[in-house]
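Okay, structure first, notes after.
The values are calculated or read from the model by the stated rules, or taken from the named source; none is laboratory data. This is a predicted model, so every value here is computed, not measured. Here the Cβ is made from the backbone with ideal geometry for all residues, glycine too, and neighbour counts use every protein chain on show. Calculation scope for accessible area: heavy atoms of the full protein, side chains included, ligands and nucleic acids excluded. Shrake-Rupley method; radii C 1.70, N 1.55, O 1.52, S 1.80 Å.
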Amino acid sequence: MFSGGFKMDSGGSNKPKVSIIIPTYNERENLEELFERISNTMGKAGYDYEIIIVDDDSPDRTWEHAEELGRTRGYPVKVIRRTDEKGLSSAVIRGFKEAEGDVFVVMDADLQHPPEKIPELVREIEKGADIAIASRYVPGGAVENWYWYRKLISRGAIMIGRVALPKIRHVKDPVSGFFALRREVVEGAELNPIGFKILMEILIKGRYSRVVEVPFTFGLRKAGESKLSRKTMVNYLKHVYRLMKWEGEIDRLVKFSIVGTVGIAVNEGFLWFFVSRLGMNEYVANIPATELAILNNFFLNDLWTFRDLRTAPLWKRLFTFHIASLMGAVVQWLIYAPLVYLGIDYLVANLIGIGASFIVRFLFSRSVTWG
């Protein structure tokens with residue numbers, strides 16, 4: 001981060017120079033309005049800026065029109081035409097490498113990201129934020145004229161990301177394509193050029209301490225085609241998986257599963273012992289068997305799965321793990337009891353209930369007990 005503030009721009013002010021990075025593909029029809037609005041907005045706000053167009057050799061020759069607008073209208077445009085590489089994230093990363101500014105702004109060219117919001121994002125950086133996100137999902141944010149299924153996909157993608165990657169669970173819109181950040185956030189970061197959502201990649205791998213979200217209205221596309229497709233959604237899930245692996249969350253999930261398997265053996269073994277050897281009622285016997293499995297799982301997870309996250313006192317970890325386990329036990333019991341009532345063998349019914357409660361217990365344990 002900048003310890004001594006931003007360097008002086010060419011006009012002698014202490015405002016940062018802003019590099020606006022815009023990946024493009026077949027966005028020719030939007031460029032004239034986009035550049036004009038950026039120029040008016042940045043001029044009124046008094047920021048020195050540059051526009052960096054990273055174009056993936058668009059068939060409509062977007063790159064050529066961007067160069068023409070820079071030449072004939074005097075816009076401060078730097079055009080990068082890529083003929084041997086494609087992809088949104090790699091385009092943004094290339095823009096980072098070419099940028100000369102103190103603050104980077106990433107946005108789309110389709111005018112769904114209003115350029116008039118750029119100064120507000122940059123001002124948040126000046127006030128001390130490391131990353132400022134234009135968010136659709138904080139109070140004041142909105143999306144214009146999306147069908148219900150598009151909203152569902154967007155919300156679902158965010159939920160998956162926030163659940164799978166605890167580091168971003170406090171960010172309301174971690175998949176936004178419109179954001180600003182300090183140069184230092186991404187300098188030296190191991191960003192994956194085949195990643196799908198570059199902001200999520202930065203939030204996981206970047207160097208930062210403070211993130212703010214600024215509400216904005218995600219507008220209507222003026223021209224060109226939407227990039228949402230089935231392949232896009234599959235790539236997003238692959239990206240989340242890669243970030244989970246990079247963060248070590250996949251290894252943690254595997255360890256939690258192993259501990260859970262041991263817990264199943266403990267639970268099933270004691271359940272069998274209480275019912276077959278002590279003659280206890282099948283329903284009642286499930287309670288002490290579950291408690292013994294809870295204690296077993298806590299100590300194994302505390303010593304192995306979440307050893308690096310042990311910040312809370314032992315008593316608090318044990319207490320919250322009981323809450324997590326008991327929440328899972330409720331789910332387990334709600335499945336176990338009806339299955340036994342329907343005539344399913346009590347051991348089989350218990351096994352099914354344990355499997356159903358696994359996700360509840362892992363998410364609560366990761367987010368609260370060892371959050």
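With the simple spin-label model, which puts each label point 7 Å out from Cα in the Cβ direction, the Tyr283 to Lys86 separation comes to 6.2 nm. Accessible surface comparison of Met200, Met244, probe 1.4 Å, protein chains only, largest first: the order is Met244, Met200. A Förster radius of 25 Å, combined with the Cβ-Cβ distance separating Arg210 from Leu309, puts the computed FRET efficiency at roughly 0.70.
Taking every protein chain into account, the accessible area of the stretch 1-156 amounts to 46 square angstrom per residue (probe 1.4 Å). Across all Cα atoms of the stretch 35-162, the radius of gyration (one decimal) and Dmax (whole number) stand at 16.4, 46 Å.
In the stretch 1-135, Cα pairs under 8 Å separated by at least six residues give a relative contact order of 32 percent.
The accessible surface of the chain, taken with every protein chain in place and a 1.4 Å probe, is 58 percent carbon and sulfur. Taking 0.36 nm per residue of sequence separation and removing the Cα-Cα distance, the Val143/Glu64 pair yields an extension gain of 25.3 nm.
Taking every protein chain into account, the 1.4 Å probe leaves Phe179 with about 0 Å² of accessible area, to the nearest ten. Using a cutoff of 8 angstrom between alpha carbon atoms and counting only pairs six or more residues apart, the relative contact order for the chain works out to 14 percent.
A straight Cα-to-Cα reach below 22 Å connects Lys167 with the lysines Lys197, Lys205, Lys238, Lys245, Lys255, Lys316, residues fewer than 8 places away in its own chain not being considered. Among 107-120, 22-35, 148-161, the peptide with the highest mean count of other Cβ atoms within 10 Å heads the list, and the full ranking is 22-35, 107-120, 148-161. Under a model in which nothing but the beta-carbon of Lys, Arg (+1) and Asp, Glu (-1) is charged, the stretch 153-299 shows a dipole of about 800 debye around its Cα centre. With semi-axes defined as the square roots of five times the eigenvalues of the C-alpha gyration tensor, the equivalent ellipsoid of the chain measures 52, 22, 16 Å, largest first.
Per the Cα gyration tensor, the stretch 242-361 maps to an equivalent ellipsoid with semi-axes of 28, 16, 12 Å, ordered largest to smallest.
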